[in-house]
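The structure appears right after this line, and notes come after that.
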Amino acid sequence: MADSDRPASPTPEERKKLDAKAKQKEDEEQSKLPYKWTQTIGDVDLTAPIPANIKGRDLEVKITKTGIKAGIKGQEPLINGTFPHPILPDDSTWTLETTSTGKELSIHLDKTNKMSWWPHVITSAPSIDTSKITPENSKLSDLDGETRGMVEKMMYDQRQKEMGKPNSEEEGKMAMLRKFQEQHPEMDFSNAKMG
């Protein structure tokens, strides 16, 4: 296949436009959901507006390790589905709060895996591009040294992957292999497979 047949990679300018378009589509999809949600590397928070006359006892909120069903009793649930990853139900909570416009159901989910971003709260909802998530640096500084190192390594590896470069672990293996090759020039490594 000649190079001319291959579509050219988008320029940074085109890439920016594509990203902006994708972000706009993502924002539109997310804005249509009956709830809003945010996440950190360790938890997910979602809020849904509720009519002001509703009391806590009028709500039905069921949070399990793998899914959620929440809404006003007798009505279509605001959210009902399976999580993309398990949570810790005992550390997850919900509250009904009064806001300036009425009331709000607020749900806090504690992720089991503190090292992964969620593409959506429930698998049936439109997903977001988790590779575009940039955690606030202040949040990174809140983490203890070991966790912070792991998160920074994950972020580095994610960026390397996007650029088609080896991640830190593969770089380490390659460096070890190079060192070994230098020490053993008589061996043929031309067919060596990394993996």
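The values are calculated or read from the model by the stated rules, or taken from the named source; none is laboratory data. Bear in mind that the values here come from a model prediction, so they are computed numbers and not experimental data. With ideal geometry, Cβ positions are generated from the backbone for all residues, glycine too; neighbour counts draw on all protein chains shown. With ligands, DNA and RNA removed, areas are computed over all heavy atoms of the protein, side chains included. Shrake-Rupley method; radii C 1.70, N 1.55, O 1.52, S 1.80 Å.
In this structure, does Pro86 turn out to be open to solvent by 50 Å² or more (accessible area, probe 1.4 Å), over 20 Å from Ile122 (Cα atoms), within 26 Å of the chain's Cα centre (by Cα) and not charged (D, E, K, R)?
On the way: open to solvent by 50 Å² or more (accessible area, probe 1.4 Å): yes; over 20 Å from Ile122 (Cα atoms): no; within 26 Å of the chain's Cα centre (by Cα): yes; not charged (D, E, K, R): yes.
Taking the combined requirement at face value, the residue does not satisfy it.
In the set (1) hydroxyl-bearing (Ser, Thr, Tyr); (2) without any contact (Cβ under 8 Å) to a residue 12 or more places away in the chain; (3) part of a loop (DSSP other than H, G, I, E, B), Ser116 fails one condition alone, (2).
Suppose we keep only residues that are in a loop (DSSP other than H, G, I, E, B) and touching a Phe, Trp or Tyr at 6+ places or on another chain (Cβ under 8 Å) within region 66-96. Which one would you say is farthest from Leu109 (Cα to Cα)?
Step one: of region 66-96, the residues in a loop (DSSP other than H, G, I, E, B) are 66, 73-78, 83-86, 88, 92.
Checking which are touching a Phe, Trp or Tyr at 6+ places or on another chain (Cβ under 8 Å) leaves us with 66, 78, 83-85.
Numbers: Thr66: 11, Leu78: 16, Phe83: 10, Pro84: 12, His85: 11 Å.
By that ranking, first place goes to Leu78.
Tell me, which residue of region 111-137 that is open to solvent by 70 Å² or more (accessible area, probe 1.4 Å) and more than 22 Å from Leu88 (Cα to Cα) is modelled with the lowest pLDDT? Across region 111-137, the extreme among qualifying residues is Asn137. Within region 53-65, work out how many residues are out of contact with any Ser or Thr (no Cβ under 8 Å at 6 or more places or on another chain) and assigned to a loop (DSSP other than H, G, I, E, B). Qualifying residue count, region 53-65: 4.
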